[in-house]
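The values are calculated or read from the model by the stated rules, or taken from the named source; none is laboratory data. Quick caveat, the model's predicted, so the values are computed rather than measured. So basically every Cβ, Gly included, is an ideal-geometry build from the backbone, and we count neighbours across all protein chains shown.
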Amino acid sequence: MTGLSLSGLLIFALALAVAAFAPGPGIAAIVGRVLGRGRDGAVAFVSGMAIGDIAWLTLAVLGLAVLAETFREVFMLVKYAGAAYLLYLAVRMWTAPAEASQIAPARGRESHARLFLAGIAVTMGNPKTMIFYLALLPSLVDLARIDALAFVELALVTLAVLALVFGFYIVLALRARSLITSPRALKLVHRGSGAVMAGAAVAIATR
């Protein structure tokens, strides 16, 4: 096992960071959820999204882009399941009561397991993620020369980059949420977050 060169890993990390930072359905889902519900469940949700990235990375490394196309119906089902759950979260945010006590953590804790699975579904159905791993990754890395060590290196770099990107957006959304000082403002944030989440669901379902 030889692994990848440092320059190869850096090129991959830079390309992934640029792709991950670019606003898309996944980032919209993260920001919308944190604005509407605070930090509770955010780690579970983005952890699921990161595992979804690892799944796409695995498909690309194993040369299973054709398999992904063959089982298109399965991926479509996963995509629609993720979009449906985002719509469910959007409705909950839109209808959440605007009480002063909720300016801190929101009431009604959600299942972290369901949020984790929703994060996986969102990433697996996100066209931006699919394009990066199945179309762009082969131009960044020589997939024919990847061994077990190289795969582990790519996976660790992927998780590290996504942790930084997702963490950045979570902190950004939490800072914006901390500016809420009245129930009326909280209601507007709930409605706005619900609209953003619904938009992310539509973007995923229609691409």
I'm trying to understand the selection: among the residues of the range 119-175, which are over 15 Å from Ile27 (Cα atoms), crowded, with 20+ Cβ neighbours inside 10 Å and polar (S, T, N, Q)? Thr158
Somewhere in the range 87-102, is a residue closer than 29 Å to Leu35 by Cβ, surrounded by 13 or more Cβ atoms within 10 Å (Cβ to Cβ) and at pLDDT 85 or above? no
Here the residues within the range 121-162 that are of a type in the set (Lys, Arg) and either under 18 Å from the mean Cα position of the chain (by Cα) or outside any helix (DSSP H, G or I) (or both) are Lys128
Taking the range 15-31 and the residues there that are among the β-branched types (Val, Ile, Thr) and within 9 Å of the chain's Cα centre (by Cα), the one that is nearest to Val46 (Cα to Cα) would be Ile30
Selection within the range 123-173 - modelled with pLDDT under 85, closer than 24 Å to Tyr88 by Cα and of a type in the set (Val, Ile, Thr): Thr129
